[in-house]
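Here is the structure we will look at.
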Amino acid sequence: HTKSEFQYVSRGIRSLEARTCPYCDEQFASCHMVEHHTRRMHMAQRTEVYGCSECGRWCCTVMALIKHWDKHACPSGRLVIRKPNDTAVPRIRKRDETKVS
C-alpha cells in the first residue's frame, strides 16, 4: 500500500459508509462515485455531511475533507458521516475577521 492508500483505509475513506450516498443510501464502488452521484442527483440537498473526528470540521464532499487533512494537522482524524436530516448541527468554523482583504 502507498502512504495515501493506507491513510484512506485508516481514516475510513474506503469504508462502506464512505461509499454510500448519505441522501438516498445507494452504494457505490468509491467515494468519488458517490460525489459524482450527489452532484447529479442531490445538488439542491447537498450539505455538510462529512466530518473530521479530530477537529470537528464539516464538509460537503469527502474530497474537501481529504484536502483539509492534507493542509491541516489532524493526524488522527477519521471520517465521520451524518445524515443530512440529522438534528445535530455540524460545528461551523468561524471566519477570521482579522484578515485584511
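The values are calculated or read from the model by the stated rules, or taken from the named source; none is laboratory data. Being a predicted model, the structure only gives us computed values, none of them experimental. Cβ atoms come from the backbone with ideal geometry, glycine included; neighbour counts cover every protein chain shown. We work out accessible area using only protein heavy atoms, side chains counted, and drop any ligands, DNA or RNA first. Shrake-Rupley method; radii C 1.70, N 1.55, O 1.52, S 1.80 Å.
From the residues in the range 32-73 that are among the aliphatic types (A, V, I, L, M) and more than 10 Å from the chain's Cα centre (by Cα), which one is surrounded by the fewest Cβ atoms within 10 Å (Cβ to Cβ)? Across the range 32-73, the extreme among qualifying residues is A44.
When you scan the range 17-29, do you find a residue that is open to solvent by less than 80 Å² (accessible area, probe 1.4 Å), aromatic (F, W, Y) and under 12 Å from the mean Cα position of the chain (by Cα), even just one? The answer is no; no qualifying residue exists.
If I filter the range 78-88 down to residues being modelled with pLDDT of 90 or more and part of a loop (DSSP other than H, G, I, E, B), which single residue comes out as most open to solvent (accessible area, probe 1.4 Å)? The residue in question is R78. Cβ-Cβ contacts under 9 Å between residues 6 or more apart (or on different chains), taken from a first residue in the range 14-25 that is of a type in the set (V, I, T) to a second residue that is modelled with pLDDT under 95, are listed as T20/I81.
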